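The values are calculated or read from the model by the stated rules, or taken from the named source; none is laboratory data. Note that the structure is predicted; figures quoted are calculated from it, not measured. Backbone-built Cβ (ideal geometry, glycine too); neighbour counts: all protein chains shown.
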């Protein structure tokens, strides 16, 4: 494995970086970013990215990649480095009782980097009604998992849909919020069908929590008919709750996204919610979801931030998500292709786009990985 490489002549897209928007070189040595500048000198392995763009490695903040023993899942490398994504964040497929198996049998054997949002249900997603049991949440087991696997766990995950909660109502979500605050971790909350109603769910999410599936078109949504945010939605953003796309099988609507974006309510993160049953349709890849957001009215720079610097900030990632010196040498190199492109959402609606992000190379710790059909 090559861990030292010079990426030359790429246009940098990295929010907040001094060279954002400029053509520059990035030098990776021993798997870490060691220099970012113009006309760097290096005689070893290099990649000429003239005419292309480079960003920190794309991070998919919501996938299910603990496969084989859970209700949903897919191999990390089927949705990771071959599609321009350097880090996957598994969103609650494992819980405290299953994390060891996930780590030893899946994470440790994957090329793509994997981090974890630990399900507050200690069993994880062995079933899809994981919070319907009053005994599902075990605070002691969660604490033990955090002590044993701390650097791997970047937050907690809870799902607030009627099919998940059964007769438990809002109680498990409130308990999850307490545990997140107690352990100083962000809480990611899936929203879906009532009960509980969306207003009660949103009011239960703590400061700096994250709501995923923000643009679903089910009745229990975050926005009014006109696309403006409901009062609780606006209040949540005021108290620094963040909002994630989480496309998934049934949680992204062009109509909802377009109205909300026109009303000024863009996502803080873009994620795929990929697993085996939605890989071919309607999701396919993180970059495909990013292109749907471009077609919905977002800019290229904002889409890139939603899978890099924003994820770093919202999940407190220390070693990836930007181009800081000493960070992991993870990059996504891509083209911006102009044309006419058709995209389909989770409910069968289609939109045409005029520009698409097309990854051409993944760099993971300084090692190059070719991309399968641009991730599209």
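Can you find, within segment 196-219, the residue that is surrounded by the fewest Cβ atoms within 10 Å (Cβ to Cβ) among those that are within 25 Å of residue 155 (Cα to Cα) and at pLDDT below 95?
The first filter runs over segment 196-219 and keeps only residues within 25 Å of residue 155 (Cα to Cα), leaving 196-216.
With at pLDDT below 95 added as a condition, the list becomes 206-208.
Values: 206: 17, 207: 12, 208: 18.
Filtering segment 196-219 for residues that are within 25 Å of residue 155 (Cα to Cα) and at pLDDT below 95, the one surrounded by the fewest Cβ atoms within 10 Å (Cβ to Cβ) comes out as 207.
Could you tell me whether residue 347 is farther than 23 Å from residue 20 by Cβ and either at pLDDT 95 or above or touching a helix residue (DSSP H, G or I) at 6+ places or on another chain (Cβ under 6 Å) (or both)? Quick ask: steps written out before the conclusion?
Details: farther than 23 Å from residue 20 by Cβ: yes; either at pLDDT 95 or above or touching a helix residue (DSSP H, G or I) at 6+ places or on another chain (Cβ under 6 Å) (or both): yes.
Spelling it out, residue 347 is indeed farther than 23 Å from residue 20 by Cβ and either at pLDDT 95 or above or touching a helix residue (DSSP H, G or I) at 6+ places or on another chain (Cβ under 6 Å) (or both).
Report whether or not residue 68 is touching a residue at least 40 places away in the same chain (Cβ under 8 Å) and in the same structural domain as residue 189 (by TED's automatic domain parsing).
Details: touching a residue at least 40 places away in the same chain (Cβ under 8 Å): no; in the same structural domain as residue 189 (by TED's automatic domain parsing): yes.
No.
Determine whether residue 125 is outside any strand (DSSP E or B) and crowded, with 16+ Cβ neighbours inside 10 Å.
Details: outside any strand (DSSP E or B): yes; crowded, with 16+ Cβ neighbours inside 10 Å: yes.
Criteria met by residue 125.
Would you mention how many residues in segment 49-60 are assigned to a strand (DSSP E or B), in contact with a strand residue (DSSP E or B) (Cβ under 6 Å, 6 or more places away or on another chain) and over 10 Å from residue 25 (Cβ atoms)? Before the answer, list the steps.
Residues of segment 49-60 assigned to a strand (DSSP E or B): 53-56, 58-60.
Narrowing the set further to residues that are in contact with a strand residue (DSSP E or B) (Cβ under 6 Å, 6 or more places away or on another chain) leaves 53-55, 58-60.
With the extra rule that they be over 10 Å from residue 25 (Cβ atoms), the set shrinks to 53, 55, 58-60.
Counting residues in segment 49-60 that are assigned to a strand (DSSP E or B), in contact with a strand residue (DSSP E or B) (Cβ under 6 Å, 6 or more places away or on another chain) and over 10 Å from residue 25 (Cβ atoms) gives 5.
Just a yes or no: is a residue in segment 104-121 in the same structural domain as residue 65 (by TED's automatic domain parsing), touching a residue at least 24 places away in the same chain (Cβ under 8 Å), within 14 Å of residue 159 (Cβ to Cβ) and not in a strand (DSSP E or B)?
Checking segment 104-121: at least one residue is in the same structural domain as residue 65 (by TED's automatic domain parsing), touching a residue at least 24 places away in the same chain (Cβ under 8 Å), within 14 Å of residue 159 (Cβ to Cβ) and not in a strand (DSSP E or B).
Just one of (1) over 24 Å from residue 301 (Cα atoms); (2) in a strand (DSSP E or B) trips up residue 42, so point out which.
(2)
Only residues in segment 319-343 that are outside the structural domain of residue 27 (by TED's automatic domain parsing) and assigned to a strand (DSSP E or B) count as the first member; pair them with residues that are at pLDDT below 95 and surrounded by 21 or more Cβ atoms within 10 Å (Cβ to Cβ), Cβ under 6 angstrom, at least 6 apart or cross-chain, and list the lot.
Close Cβ pairs satisfying both conditions: none exist.
Please return the ranges of strands (runs of 3 or more DSSP E) entirely within segment 163-256 where 2 or more residues are without any contact (Cβ under 8 Å) to a residue 40 or more places away in the chain.
Numbers: elements: 187-191, 210-212, 242-244.
Counting at least 2 such residues, we get 187-191.
If you go through segment 141-154 one residue at a time, do you hit one that is buried (at least 24 other Cβ atoms within 10 Å of the Cβ), in the same structural domain as residue 221 (by TED's automatic domain parsing) and assigned to a helix (DSSP H, G or I)?
At the first step, the residues of segment 141-154 found to be buried (at least 24 other Cβ atoms within 10 Å of the Cβ) are 142.
Retained after the next criterion (residues that are in the same structural domain as residue 221 (by TED's automatic domain parsing)): 142.
Checking which are assigned to a helix (DSSP H, G or I) leaves us with 142.
Yes, segment 141-154 contains a residue that is buried (at least 24 other Cβ atoms within 10 Å of the Cβ), in the same structural domain as residue 221 (by TED's automatic domain parsing) and assigned to a helix (DSSP H, G or I).
What number of residues within segment 265-309 are in a loop (DSSP other than H, G, I, E, B) and either in contact with a strand residue (DSSP E or B) (Cβ under 9 Å, 6 or more places away or on another chain) or within 18 Å of residue 191 (Cβ to Cβ) (or both)? Before the answer, list the steps.
The first filter runs over segment 265-309 and keeps only residues in a loop (DSSP other than H, G, I, E, B), leaving 265-268, 270-273, 275, 279-285, 296-299, 306-308.
Narrowing the set further to residues that are either in contact with a strand residue (DSSP E or B) (Cβ under 9 Å, 6 or more places away or on another chain) or within 18 Å of residue 191 (Cβ to Cβ) (or both) leaves 265-268, 270-273, 275, 281-285, 296, 306-308.
Residues flagged as in a loop (DSSP other than H, G, I, E, B) and either in contact with a strand residue (DSSP E or B) (Cβ under 9 Å, 6 or more places away or on another chain) or within 18 Å of residue 191 (Cβ to Cβ) (or both) within segment 265-309 amount to 18.
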